[in-house]
Each structure stands twice: as C-alpha cells, then as structure tokens.
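Here the structure is laid out as structure tokens; the discussion comes afterwards.
The values are calculated or read from the model by the stated rules, or taken from the named source; none is laboratory data. Quantities reported herein were computed from a predicted structural model and do not represent experimental measurements. Neighbour counts are summed over all protein chains in view; Cβ atoms, including those assigned to glycine, are modelled from backbone coordinates with ideal geometry.
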Amino acid sequence: MRIVSLSPSATETLSLLGLEDEIVGITPWCTMYLKKQAEKIFAGTYIAVDTTTIKKLNPDLVILQSHVHDHLLQLFRALGFNTHLLPLPMNLIDIVSNVEFIAILTNRYWEGKELADRLLNKIVEYIELGKTIKQRPKVYIEFLWPDKKVSSTGSLTYIDDGIRIAGAQNIFYDRIAKFFYVNDSEIIDRDPEIVLANIEPPYTGITIDNYLKYRPILKNTTAYKLQTIYLVEESVEANLAHPGPSFIANTMKKIIEIIKNFRRSI
C-alpha cells in the first residue's frame, strides 16, 4: 500500500502500526515521527497541498487532517484518490478512536486494537491519579503562530480534556470552540496560574524573556508572578499541537509533571 499522510498524528499512528515503509508522502511536521525521514516526499503542509506531487506518488490512500484540510476532501476524491479526513479529537478517547480508524483503513485491525488498549490503559492511569485532586489550578494554553497571531483552545479539544484529566482547569473550559484567536483582555480577566505556550518554528529555542517580548500581556498574570509560564517546544516528548498517540503517552506526562510541581510550590 502506498500512503500519503498529510496529518502528523496519522503519520505517527501509521509508524506505530508498522507501516512506515508504506508511507510515500508527508508534511514537514511529520518527520519527527519517522525513522526513515529522507525516503519520504513532502506532499503538502497544513496550509497548502501539492496536488501535482500527490498525483505522481499515485497513492492507494490519502489521509487528511480535519479542521485544516476539510475543503480538500472532495477535491482528492474527485481526482480518484481513496481519501479520508481524520477527525480533530475532542478528547483523549477520540485520539484512541482515530488510532482504530487508521488501523481499519490500512488492514491493521489487531495491531490497532493492541495500540488502542495500551493508550486506554494510560488514560485510566491518569484518571486514577487525578481522582484525589480537590483544587484545580487555572491553566492557559496558547499557540504563537509564525504570523504572530495567537490562538487558544476551548472545551471541544483533546487539550482541554488532557488538562482536566491532569488535575487542572483550562481557563477557556466554558468556551464552546475548538481553536480560536484569543483576546488579550480575556486572558487578564481569567488570570491563569499556569501558562503553557506551544513553541514551533520560527520560535524554536526561544527563551522566556524573549517570548515575553512577543507576549508582554502575560506579565499581567498570576502565572508570571509565580514564574509558572512554560514554553513547550514541539517534539516527540511533548507537543500540545499534536493530537496523536504521543499526546497520551508523552505530552500528558509533561502536563501532569508541571501541575504537580505547581502544587508543591504553593
């Protein structure tokens, strides 16, 4: 099977299912989840897709990411490609559902069930750890994009669910939305005690001081006073923008560690 995956979470899942050799086309954000990066062709990004390259790759399966590629689904199907849109998870269980969905699409049913069971066990473990928590710190998640726009996450995302399970509260838990552009005044009004800022290129390696030059508004928060602003640089170990298996296996551990450290300090 020849697979074009324009979803990093799908690419990670395919690799975990033993299908890395079947992947022929990816995005630049997929590379960290692959061992044989040099063998893959860049066929697009979250913003633009190279239909000419995809035609040349002649895939048996194309996987797109909902929320960014929705408009391309019918286009690729019209071109004759077996194309599927991977849903954006609303919670951690949805991440597991996506694993099973990809496994079925690629005839890896049993491997998918085994991976799903491991992830479900992790989720149960996290839930058990959080049962004794009485007071939940307020957490603000932000994404500073290359165009310097800032977005956050509402209640309809895996990140909100992850924060809840980790024992904290997303300051926008009551916003019925997925990702949205945030108003600085709302951040001040909701006054987070912890800030988690997702870092990706071109901000890779940035320091807190330099980050605050872009985001001076954060100096008006309790998190700044407590020195609990964390820069979460995108990697396999921690990636707030990645709704794949490693969010459950790795990123959740990072979030839980940060929240535990916060409790010890107050």
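Kindly list, by first and then second residue, each pair from a residue in the stretch 208-221 that is assigned by TED's automatic domain parsing to the domain that holds Ile194 to a residue that is surrounded by 11 or more Cβ atoms within 10 Å (Cβ to Cβ) and small (Gly, Ala, Ser), limited to pairs with Cβ atoms under 7 Å and residues at least 6 apart or on different chains. Within 7 Å, the pairs are Tyr211/Ala197. Applying a threshold of 6 Å to beta carbon distances and a minimum spacing of six or more residues, or different chains, the list of pairs starting in the stretch 87-104 at a residue that is more than 18 Å from Ile165 (Cβ to Cβ) and ending at one that is crowded, with 17+ Cβ neighbours inside 10 Å and of a type in the set (S, T, N, Q) reads Ile102/Thr13. Considering the stretch 156-266, the qualifying strands (runs of 3 or more DSSP E), each wholly inside and each with 1 or more residues that are out of contact with any Ser or Thr (no Cβ under 8 Å at 6 or more places or on another chain) and surrounded by 23 or more Cβ atoms within 10 Å (Cβ to Cβ), run over 194-199.
The strands (runs of 3 or more DSSP E) found entirely in the stretch 20-101 that carry 2 or more residues being in contact with a Lys or Arg (Cβ under 7 Å, 6 or more places away or on another chain) are 23-26.
Among the conditions (1) small (Gly, Ala, Ser); (2) over 20 Å from Phe179 (Cα atoms); (3) part of a helix (DSSP H, G or I), the only one that Ser9 does not satisfy is (2).
Taking the numbered list (1) without any contact (Cβ under 8 Å) to a residue 24 or more places away in the chain; (2) touching a Phe, Trp or Tyr at 6+ places or on another chain (Cβ under 7 Å) in turn, Asn82 passes all entries but (2).
Take the residues in the stretch 111-155 that are in a strand (DSSP E or B) and among the charged types (D, E, K, R), then tell me which one is farthest from Val96 (Cα to Cα). Of everything passing the filter in the stretch 111-155, Lys138 is farthest from Val96 (Cα to Cα). Screening the candidates Val182, Val150, Val232, Val195 for the property of being in contact (Cβ under 8 Å) with a residue 60 or more places away in the chain and outside the structural domain of Glu114 (by TED's automatic domain parsing) yields one hit, Val150. Given the structure, is Phe247 aromatic (Phe, Trp, Tyr), touching a Phe, Trp or Tyr at 6+ places or on another chain (Cβ under 7 Å) and not assigned by TED's automatic domain parsing to the domain that holds Asn121? When the stated conditions are applied, Phe247 passes them.
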